[in-house]
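Asks: Okay, handing you the structure first.
Quick note: the coordinates plus some simple rules give every number you see, no bench work behind them. All values derive from a computational prediction rather than experimental measurement. Cβ placement follows ideal geometry from the backbone for every residue including glycine, while neighbour counts extend to all protein chains displayed.
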Ligand SMILES: Nc1ncnc2c1ncn2[C@@H]1O[C@H](COP(=O)(O)OP(=O)(O)OP(=O)(O)O)[C@@H](O)[C@H]1O
Ligand SMILES: [Mg+2]
């Protein structure tokens with residue numbers, strides 16, 4: 001079955017199940033053919049549409065059977081605080097809380113909508129960890145970190161609840177430099193050293209409702225730690241204790257590392273960033289194959305202009321006709 005046929009089939013399954021898979025119904029229709037009435041092509045730089053959902057009907061999703069190893073105590077408030085340099089973020093082109101009407105803010109307002117809806121209780125309970133959202137891509141440099149930070153700030157600006165941004169790119173963490181954070185303790189320390197409290201690893205920020213979990217100290221067995229029972233236990237704790245919170249993971253590239261694939265196994269939603277004019281069709285297909293067991297996978301076109309967006313949708317239409 002071609003990619004476009006798979007997309008159409010999965011969209012239909014998801015629609016039947018009641019989840020939102022696109023920024024607009026028109027865009028969802030567009031994934032399988034011509035845009036419907038009211039179709040909305042997102043503004044340049046970012047466009048999101050659903051590629052698919054697997055096993056969304058009740059009972060089809062594998063039960064979550066991992067045993068709890070230990071629970072990290074989660075205190076009410078993080079112990080560390082960072083004052084984020086908003087002017088620098090703005091110069092780098094990010095969404096900032098003081099510019100809610102900027103073009104980039106508008107774009108991420110569109111991008112986040114289906115993610116928030118899916119995280120809330122509108123999709124079947126069989127989708128576990130629906131509030132765990134991983135931002136990934138096939139290859140380095142396609143805009144994962146840019147997207148993860150923008151998404152987190154955008155949700156923190158408008159969402160009623162809180163956002164936790166996790167640096168899941170444990171081998172090459174970028175959040176400390178961009179946001180001016182301490183790199184550790186963080187995720188890997190929580191996994192490797194059960195004695196650390198989650199509150200010791202979290203960093204509260206000057207952006208209201210945005211908290212960050214850095215990647216933590218480098219560890220030679222990082223992949224194993226991300227695949228461990230401790231990780232399952234920690235994520236379950238975070239996802240259930242903060243069920244009203246969206247937890248966004250920046251991640252490494254799917255085709256260059258094993259860590260991203262392991263991270264994806266825990267996620268309720270995966271956002272696949274595709275760089276316009278640089279990510280090849282082959283790379284996108286390979287990357288999608290690595291996350292085929294994830295419940296919800298959405299595609300986001302990055303670094304596009306309006307013409308690119310038109311070409312992008314044509315790209316899948318071409319494949320579907322092969
Ligand atoms: N839409 C965009 N507009 C402007 N700059 C962007 C955009 N997307 C990405 N960039 C810039 O491109 C560079 C690479 O992006 P980013 O670091 O987010 O990629 P990545 O996929 O996280 O890379 P890596 O795999 O190395 O972690 C960064 O300097 C980032 O700020
Ligand atoms: Mg990155």
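Asks: What FRET efficiency do you get for residue 79 and residue 160 if R0 is 25 Å and r is their Cβ-Cβ distance, rounded to the nearest 0.05?
Replies: FRET efficiency, residue 79 to residue 160: 0.50.
Asks: Next question, about the same structure. Take residue 91 and residue 224, extend 7 Å from each Cα along the Cα→Cβ direction, and tell me the distance between the two endpoints in nm.
Replies: For residue 91 paired with residue 224, the spin-label model returns 4.3 nm.
Asks: Quick check on the exposure proxy: order 94, 81 from fewest to most C-beta atoms within 10 angstrom.
Replies: 81, 94
Asks: Give, to the nearest whole percent, the P(r) tail of the range 186-316 beyond 27 angstrom, counting all Cα pairs.
Replies: Looking at the range 186-316, the distances longer than 27 Å represent 30 percent of pairs.
Asks: Which three extents, in whole angstrom, do the alpha-carbon atoms of the range 152-224 cover along their principal axes, largest first?
Replies: The Cα atoms of the range 152-224 stretch 38, 24, 19 Å along their principal axes.
Asks: Cα extents of the range 95-153 along the three principal axes, largest first, in whole Å?
Replies: Ordered largest first, the range 95-153 gives principal extents of 36, 29, 14 Å.
Asks: Multiply the residue gap between residue 120 and residue 305 by 0.36 nm, knock off their C-alpha separation, and tell me the result in nm, one decimal place.
Replies: Contour length minus Cα-Cα distance gives 63.5 nm.
Asks: Using alpha-carbon positions, what is the distance between the centroids of the range 159-176 and the range 259-293, in Å?
Replies: 18 Å
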